[in-house]
Amino acid sequence: MKLLLIRHGQTPGNVAGRLDTAFPGPGLTELGERQAAALPQALKDESLEGLYVSTLRRTQRTAGELARNTGLDPEMLDGVHEIEAGALETNTDHESHLRYMGTVFAWSSGDLDLRMPGAYTGHDFFARFDASVEKVLANGHSTAAIVSHGAAIRCWAARRAVDIDTNFAERHPLPNTGIVALEGDLKTGWRVLHWDQMPVGGQALADRTAEDPTGEAL
């Protein structure tokens, strides 16, 4: 199966550099709405058979125009939401950013026992994300899209794709509406077809002034 992991559009938390992982989360900024509106054109050559979103509001808003354009009814998955920041929630300081993303990338490197401060371990994250991907696979799509979150996509792809590693995920940013496209399955593994380092609408929809800890390169 071809799996498109799409990061949601820009939120106020992304602009402020805030660790903003709690349910139901914010909506999109004006730029985020324009980023989301660019998805149908960007994916016009993809034969999407399934469209999935997380439990957080920003993914549902991001998928709206794509759903209207394709006629697909987005299905909510309870395992692809953002990695919980726990005790670091709402923090904007650089030290908190490094601790959060350091934990995320430690998980993708195999240190699954490590716990996010006040939250969960890597075992918990991969169990929930894998279960959601299994549900998508069981639906038999040739191509499906999941609108998810920056840290979650980078962490999961870095560990589950056979042709990249944590260093790759650390060095390659994933901006709002950036896409990580993979092909494969959970048994044989996934290969990365492309990892977008720009929003789907291109340079005009990038915001280089925002401090975006879950999407930026380390």
- Any hit, region 192-199, residues being modelled with pLDDT of 95 or more, open to solvent by less than 30 Å² (accessible area, probe 1.4 Å) and under 29 Å from HIS94 (Cα atoms): yes
- Note on the structure: Restricting region 30-80 to residues that are open to solvent by 20 Å² or more (accessible area, probe 1.4 Å), hydrophobic (A, V, I, L, M, F, W, C) and touching a strand residue (DSSP E or B) at 6+ places or on another chain (Cβ under 7 Å), the one nearest to ILE179 (Cα to Cα) turns out to be LEU48
- Looking at this structure, is LEU98 modelled with pLDDT of 95 or more, over 25 Å from GLY201 (Cβ atoms), among the aliphatic types (A, V, I, L, M) and surrounded by fewer than 19 Cβ atoms within 10 Å (Cβ to Cβ)? yes
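Identify, from the list ALA151, ALA131, ALA157, ALA144, the residue that is touching a residue at least 24 places away in the same chain (Cβ under 8 Å) and open to solvent by 10 Å² or more (accessible area, probe 1.4 Å).
ALA131
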- Message: Considering only region 50-61, I want to know if a residue exists there that is aromatic (Phe, Trp, Tyr) and assigned to a loop (DSSP other than H, G, I, E, B).
- Response: no
- Task: May I ask you to list the residues in region 12-25 that are free of Cβ contacts under 8 Å to residues at least 60 places away in the same chain, surrounded by 19 or more Cβ atoms within 10 Å (Cβ to Cβ) and either assigned to a loop (DSSP other than H, G, I, E, B) or of a type in the set (D, E, K, R) (or both)?
- Result: GLY25
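The values are calculated or read from the model by the stated rules, or taken from the named source; none is laboratory data. Small disclaimer: the values here were computed from a predicted structure and weren't measured. When we count neighbours, we look across all protein chains shown, and the Cβ atoms used for this are built from the backbone with ideal geometry, even at glycine. These accessible areas exclude ligands, DNA and RNA; they are computed on the full protein's heavy atoms, side chains included. Shrake-Rupley method; radii C 1.70, N 1.55, O 1.52, S 1.80 Å.
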